[in-house]
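J.: Just dropping this structure here.
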Amino acid sequence: MTTLDRAIPAADRSGVFITLEGPDGAGKSTLAKIVADRLRTEGFEVATVRDPGGTPLGDRIRSLLLDRSDLCISLRAEMFLYMASRAQLVDEAIAPALAAGKIVICDRFLLSNVVYQGYAGGLEVAEIWRIGRTATRGLTPDLTCVIDVPREIARRRVSGPRDRIEDRDEEYKERVRGGFLAAARGEAGFPGEHTGTIRLIDGSADLDTVSDRLMCEVRDVLAKRARS
């Protein structure tokens, strides 16, 4: 077994791993940049990544997944493509940054896979969690912030050309939102090891209000880590 095959032990995680989740239009990418910039001004070393993507391999997979071509990708194949991108992201970017003591802010992670292909798509949620543990070498976030917005607000925010996932119908997108809310509330299908690490944030407020709330959650996690 090589180093990259084994689980990531606590000793190799001196950094802090934060993920932002939520439906399209929630503002995750913008918020990730704001939070990272604020933390850097406070003297923290911060790495920002996105899932899928974040590595040369991941970026190629991202293009394949989101391209609005006629290429047929089954839901199960779609799930595995996300997992492949995430596995590379953990090995190449996230794990080394955590080992170096950095704060890693990731725009989406395993929970998105569970929600989009599981809760909303109909694949077995528990199976996706199991596969995800292998793909991520057991890595779980120290904090997951689910940014929630009603569908009418999300529709207004998603502008420009849509990708293959954004092209799906409103019923699917409502299930996506419901899946994130179910996960945030700890409802059936949400693994026990994540209990206490997830926060639900109202993303419908103005950007300053939402980013301030997000920073409060981040600072709380950093303070707890400093005391441990």
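The values are calculated or read from the model by the stated rules, or taken from the named source; none is laboratory data. As the structure is a computational prediction, the values presented were derived from the model and not from experiment. FYI the Cβ positions are ideal-geometry reconstructions off the backbone, even for glycines, and counts take in every protein chain you see. SASA here: full protein model, heavy atoms, side chains in, ligands and nucleic acids out. Shrake-Rupley method; radii C 1.70, N 1.55, O 1.52, S 1.80 Å.
J.: Please note which helices (runs of 4 or more DSSP H) are completely contained in segment 58-173 and include at least 3 residues that are open to solvent by 50 Å² or more (accessible area, probe 1.4 Å).
T.: 75-89, 125-135, 151-157
J.: Against the definition (among the hydroxyl-bearing types (Ser, Thr, Tyr), closer than 26 Å to residue 35 by Cα, touching a Leu at 6+ places or on another chain (Cβ under 8 Å) and at pLDDT 95 or above), how does residue 144 come out, yes or no?
T.: yes
J.: Return yes when residue 206 is open to solvent by 30 Å² or more (accessible area, probe 1.4 Å), under 30 Å from residue 45 (Cβ atoms), at pLDDT below 95 and of a type in the set (D, E, K, R) and no when it is not.
T.: Here the answer is yes, as residue 206 does meet what is asked.
J.: Then there is this: Please work out which residue is surrounded by the fewest Cβ atoms within 10 Å (Cβ to Cβ), limiting yourself to segment 28-42 and to residues that are in a helix (DSSP H, G or I) and not aliphatic (A, V, I, L, M).
T.: Going through the qualifying residues, I end up with 41.
J.: Any idea which residue in segment 174-188 is nearest to residue 198 (Cα to Cα), counting only those that are among the basic types (Lys, Arg) and surrounded by 14 or more Cβ atoms within 10 Å (Cβ to Cβ)? Full working, then the answer.
T.: Applying the first criterion (among the basic types (Lys, Arg)) to segment 174-188 yields 175, 177, 185.
Right, trim to surrounded by 14 or more Cβ atoms within 10 Å (Cβ to Cβ) and you get 175, 177.
Details: 175: 19, 177: 15 Å.
In this case the residue turns out to be 177.
J.: While we're looking at this one, here's another question. Can you name every residue in segment 197-228 that is assigned to a helix (DSSP H, G or I), touching an Asp or Glu at 6+ places or on another chain (Cβ under 8 Å) and within 21 Å of residue 110 (Cα to Cα)?
T.: The one that is assigned to a helix (DSSP H, G or I), touching an Asp or Glu at 6+ places or on another chain (Cβ under 8 Å) and within 21 Å of residue 110 (Cα to Cα): 221.
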